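This report concerns only the one structure given below.
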Amino acid sequence: METTQQTRPIDEVIAKYPKAREHLISILQEVQAEYGFLSTESINRISSYLNLPSSKIFGVATFYNQFKLNAPGRIQVAICRGTACHVKGSLNLLDSCRQLLGIEVGQTSKDGLFSLETVACLGCCSIAPAMMVNGQFFGRLDKKKLEYLIETWRASGRVEE
């Protein structure tokens, strides 16, 4: 198979590893770190390199929630679903977020601006319910605060530091 300019970087990333299936997770992690997600093309290139069916690689990638199969949005929203956040209303927060963004968990908005995920715990229980957005924590949230934040980010196209 001829390597195109688009696949060359993927090939360079995976070529660092021996052609053995025990390196699959490391390869997936590095490809995702480089590109932000695992594209169908990258899974096919890894399949070819390791001589494994792409369905096996897809199975591993979907088993572990660390892997993303869709390009993340510029604004990555992660709603905490840990015990403290759940007790303080994070399910309502998640429902509001889905409605405001028009996407479901694991999806990216059509404009590529927002992606939505849930996490088991952010480790900031004292400010529950909480979410992390592009590495920043936001806590003591309710629907009104969430609406304000999302509209601010939508207007600017980014999360202010």
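So for the chain, if I pair up every lysine 8 or more residues apart or on another chain, how many of those pairs have alpha-carbons under 22 Å apart?
Count of close lysine pairs: 8.
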Local net charge near R98, Cβ-Cβ under 14 Å (Lys/Arg +1, Asp/Glu -1): -2
A33/T62 FRET efficiency (R0 22 Å; Cβ-Cβ; nearest 0.05): 0.75
Within segment 51-86, trypsin sites (Lys or Arg not before Pro) in DSSP loop having at most 15 other beta-carbon neighbours inside 10 Å: none
Volume of the Cα convex hull of segment 56-137, divided per residue and given in Å³: 92 Å³
Segment 40-62 residues near the modelled K19 label - backbone nitrogen below 13 Å, point 7 Å along Cα→Cβ: 46-52
Residue among Y64, Y49, Y35 with the largest mean-square fluctuation in a Gaussian network model of the chain, springs linking Cα atoms under 10 Å: Y64
Beta bridges by DSSP in the chain, antiparallel share as percent, to the nearest 5: 55 percent
Percent of alpha-carbon pairs separated by more than 19 Å within segment 8-63: 11 percent
Mean Cβ count within 10 Å, highest first, over the residues of peptides 83-91, 150-158, 97-105: 83-91, 97-105, 150-158
Approximate shape of the chain as ellipsoid semi-axes (Cα gyration tensor, √5λ), whole Å, largest first: 35, 17, 12
Cα-centred dipole magnitude for segment 75-156, charges only on beta-carbon of K, R (+1) and D, E (-1), debye, nearest 20: 180 debye
Overall dimensions of segment 77-116 by Cα: Rg and Dmax, Å: 10.6, 33
Unit charges on C-beta of K, R, D, E only; dipole of segment 1-124, Debye: 220 debye
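Which value in deg cm²/dmol, rounded to the nearest 500, describes the helix-derived mean residue ellipticity at 222 nm for the chain, given -39,500 (n - 2.57) per DSSP H run of n ≥ 4 and division by the residue count?
That calculation yields -13000 deg cm²/dmol at 222 nm.
Under the definition of Cα pairs under 8 Å and six or more residues apart, what whole-number percent is the relative contact order of segment 75-156?
37 percent
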Those Cys residues of the chain for which no other cysteine Cβ falls under 4.7 Å: C97, C121, C124, C125
Debye-sum result for segment 19-95 in log10 I(q)/I(0), which assumes one identical scatterer on each alpha carbon, at q = 0.13, 0.18, 0.24 Å⁻¹: -0.50, -0.75, -1.04
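Any read-out appearing in this document is the output of simple, stated calculations on the displayed coordinates, not a laboratory observation. Just so you know, these numbers come straight off a predicted model, no measurement behind them. Ideal geometry is used to build each Cβ from the backbone, glycine not excepted, and the neighbour counts take in all protein chains shown.
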